[in-house]
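The values are calculated or read from the model by the stated rules, or taken from the named source; none is laboratory data. Since this is a predicted model, take the numbers as computed values, not measurements. All Cβ positions, even for glycine, are placed from backbone atoms using ideal geometry, and neighbour counts span all protein chains on display. Side chains included, ligands, DNA and RNA excluded: accessible areas come from the protein's heavy atoms. Shrake-Rupley method; radii C 1.70, N 1.55, O 1.52, S 1.80 Å.
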Amino acid sequence: MNKATFTIRKSKLLTELKKMTKALGALSKRNKNTEIEITITDGLVTLVIPGIRLELNVKQSAPKVSLNLYYFKDIVQSWNELQFQCSITDNVQHGSYIN
């Protein structure tokens, strides 16, 4: 199981996410499902949406994840700490399916 973690000042990350969502324009049917790809490499987290690529210096470890941009922004906004820490683990299932 691979696990990656990055830590960044919440205000810095939120500022960059707001710039990204502002560039998309008003929330609409067309852009509400925009995916953000987060790649973590040596001291750098790369945030990518169609047409925009941002690189931020972070305290980190490794891989990549894609999720809904607005969902990720909501997670960051609701975070109550000064530093935002994100952990990504592969091949983990949350919840369960009952037949």
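Of note:
- Subset of the stretch 1-33 [in a loop (DSSP other than H, G, I, E, B) and either exposed (fewer than 13 other Cβ atoms within 10 Å of the Cβ) or at positive phi (or both)]: 1, 2, 25, 26, 27, 28, 29, 30, 32, 33
- Extreme residue, farthest from the chain's Cα centre (by Cα), among residues of the stretch 9-55 that are under 19 Å from residue 75 (Cα atoms) and modelled with pLDDT under 85: 27
- Whichever residue in the stretch 40-54 is within 16 Å of residue 7 (Cβ to Cβ) and in a strand (DSSP E or B) and, among such residues, is most open to solvent (accessible area, probe 1.4 Å): 41
- Residues (among the β-branched types (Val, Ile, Thr) and in contact (Cβ under 8 Å) with a residue 40 or more places away in the chain) located in the stretch 66-78: 76
- Residues that are in contact with a Ser or Thr (Cβ under 9 Å, 6 or more places away or on another chain), open to solvent by 50 Å² or more (accessible area, probe 1.4 Å) and at pLDDT 85 or above, drawn from the stretch 71-99: 82, 83
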